[in-house]
1. Do we have Lys46 as assigned to a helix (DSSP H, G or I) and touching a residue at least 40 places away in the same chain (Cβ under 8 Å) here?
2. Does Glu140 satisfy the criteria of being more than 15 Å from Arg8 (Cα to Cα) and either under 15 Å from the mean Cα position of the chain (by Cα) or assigned by TED's automatic domain parsing to the domain that holds Gly187 (or both)?
3. Pick out the one residue from Leu128, Leu197 that is among the hydrophobic types (A, V, I, L, M, F, W, C), in a helix (DSSP H, G or I) and at pLDDT 95 or above.
4. Scan Ile57, Ile73, Ile38 and give me the residue that is β-branched (Val, Ile, Thr), part of a loop (DSSP other than H, G, I, E, B) and farther than 30 Å from Gly213 by Cβ.
5. From Glu78, Glu83, grab the single residue that is in a helix (DSSP H, G or I) and closer than 20 Å to Val144 by Cα.
6. Given the structure, is Pro63 modelled with pLDDT of 95 or more and within 24 Å of Val188 (Cα to Cα)?
7. Please list, ordered by first then second residue, the pairs with beta carbon atoms under 6 Å, 6 or more apart or interchain, first in region 116-129 and more than 9 Å from Glu89 (Cα to Cα), second among the polar types (S, T, N, Q).
8. Pick out the one residue from Glu100, Glu68 that is part of a helix (DSSP H, G or I), more than 21 Å from Tyr45 (Cα to Cα) and touching a residue at least 40 places away in the same chain (Cβ under 8 Å).
Amino acid sequence: MSSSVSYRALLFDLDGTLAETDSLHLPTWVEVLAPRGIEVDEAFYKENISGKSSADIVRDLLPNLSDEEGRSIFEAKEASFRERAGELEPLPGLLDFLRETKGRGLATGLVTNAPGENVEAILPALKLQDFFDTIVLSDETEAVKPDPAPYNEALKRLGVSPEEALAFEDSVSGITSAVDAGIPTVGVASTQEPGRLSEAGVFVVVEDFTDPGLLALIRG
């Protein structure tokens with residue numbers, strides 16, 4: 001893993017990229033979908049839920065619900081998730097990597113489909129509440145991942161071109177969003193098979209942030 005590019009900004013997804021959150025998201029989806037006759041196991045979760053916004057998940061799985069009914073389901077799910085957020089820990093190597101990033105003067109952005117309330121719960125649990133220069137939430141753009149709009153907004157806010165940014169994503173949906181925005185993307189294989197991330201368009205896959213090649217990327 002090497003790079004001759006001098007990056008100016010690093011852009012991070014939240015769920016599955018900064019922390020392993022599926023172990024909390026999966027049981028909360030089980031809770032709210034089981035009464036509706038939908039069984040959620042790990043395979044179903046990876047195929048139908050991972051990387052998508054809660055609103056889109058409910059809309060896709062329960063298309064006959066009214067907007068109000070759908071909202072009540074995903075709001076209950078997210079409230080249950082936030083109650084457990086204190087259990088979260090950053091992915092291995094993340095904090096050291098972010099300290100190196102800041103020490104080199106790179107700008108940082110968080111680009112997530114998660115609700116703002118979730119971000120407010122997760123970042124303090126990971127001790128990252130003061131780290132990001134900008135945070136792009138799902139309700140702040142005209143479309144959510146896999147659309148490139150969230151990443152385009154992050155680039156605009158930080159004043160960098162796509163080639164000057166590096167994105168970190170763990171899901172096909174997120175990778176599609178970043179790659180379609182023209183941003184070189186690192187796949188974090190915390191929730192999906194490495195091959196699937198490569199097929200989605202990343203230029204390299206890492207298991208977590210202990211991979212020494214990541215420091216080589218930002219050191220140029």
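1. Against the criterion (assigned to a helix (DSSP H, G or I) and touching a residue at least 40 places away in the same chain (Cβ under 8 Å)), Lys46 qualifies.
2. Details: more than 15 Å from Arg8 (Cα to Cα): yes; either under 15 Å from the mean Cα position of the chain (by Cα) or assigned by TED's automatic domain parsing to the domain that holds Gly187 (or both): yes.
In short, yes.
3. Values: Leu128 fails: in a helix (DSSP H, G or I).
Exactly one of Leu128, Leu197 is among the hydrophobic types (A, V, I, L, M, F, W, C), in a helix (DSSP H, G or I) and at pLDDT 95 or above, namely Leu197.
4. Ile38
5. Selected residue: Glu78, the only one of Glu78, Glu83 that is in a helix (DSSP H, G or I) and closer than 20 Å to Val144 by Cα.
6. no
7. From residues that are more than 9 Å from Glu89 (Cα to Cα), the pairs are Leu123/Gln129.
8. Glu100 is the lone residue from the list that is part of a helix (DSSP H, G or I), more than 21 Å from Tyr45 (Cα to Cα) and touching a residue at least 40 places away in the same chain (Cβ under 8 Å).
The values are calculated or read from the model by the stated rules, or taken from the named source; none is laboratory data. None of the values given here were measured: they were computed from a predicted structure. Every residue, glycine as well, gets a Cβ built from its backbone with ideal geometry; the counts of neighbours run over all protein chains shown.
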